[in-house]
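Below: one structure, written as C-alpha cells.
The values are calculated or read from the model by the stated rules, or taken from the named source; none is laboratory data. On a predicted model such as this, the values are computed, not experimentally measured, just so you know. Surface areas here come from the heavy atoms of the whole protein model, side chains and all, with no ligands, DNA or RNA. Shrake-Rupley method; radii C 1.70, N 1.55, O 1.52, S 1.80 Å.
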Amino acid sequence: WVKSLDVLTALEEAFRRFAVHGDTRATGRDLHGKNWSKLCKDCGVIDGKSITLTDVDIVFSKVKNKSSRTITYNQFREALSELASGGDLQDGGREVAHISGVTVRATRAVASPTVSRLTDTTKFTGSHKERFDETGRGKGKAGRVDLVDKSGYVSGYKHAGTYEKKVQPKPQQKPM
C-alpha cells in the first residue's frame, strides 16, 4: 500500500514537472498536448511499434474535454491507463514506474562570446540603445513607441535644455 502511494506521488510530481516545462505562466495543474507528447517520448512510452506518436495524440484527444486544450492529473492517469492496453492503472505499472522516475531534460544556454556580445545592452547603438535604461532592463512600450516630445528640440538631440545657459546675457564689464 505504501509503495503504491509513493509511486502515485512520484507520478504526480512527474506530471507537474512536465506541465510547467517550457511555459513560465503554467501552474502545473494541467498538461498541454505538446508536453504530453514530450513526456511520452522522454519516458520511452513511444516505441514506434506498439505505441506511436499518433497513438499518443489520439489518446490525448480522447481523454481531454471537448473545449479544452489541456488535461488534468486525473485525465492524465486515464490516458496512461488507455495507453497501457486499455486496462486500469495497475496494468500499466511498468509505464507508470518509468514515468515517475523521469526528470525533465532542458537544453542549457551556452555562454559564447558571440551571444554575450549580441545580448549585452550596453553595446547597443542608435535607436536600439534607447529601448533600455541604465541598468540594461527594457523600457517596455516607452522604448518601442515614439512618445511625443513637446520640448521644442529635435528628437535625439543630446543637449536639450542647454539653450538658456548659452544665451544668458553676459555681465556688463566696466570700460577701462
## Note on the structure
Cross-link reach from residue 139 to lysines, straight Cα distance under 25 Å and at least 8 residues apart if same chain, gives 123, 129, 150, 158
### Rounded Å value of the spacing that divides the Cα centres of segment 12-53 and segment 113-151
37 Å
### Task
Identify all lysines with a Cα-Cα distance to residue 41 below 27 Å; exclude those on the same chain that are fewer than 8 residues away in sequence.
3, 49, 62, 64, 66
### Task
Among the lysines, select those whose C-alpha is under 28 Å from the C-alpha of residue 174, and discard any that sit fewer than 8 residues away in the same chain.
165, 166
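If 58, 71 are ordered by their accessible area, calculated over protein heavy atoms with a 1.4 Å probe, which sequence runs from highest to lowest? Intermediate values should be presented prior to the final figure.
Working: 58 100, 71 0 Å².
The ordering from most to least exposed comes out as 58, 71.
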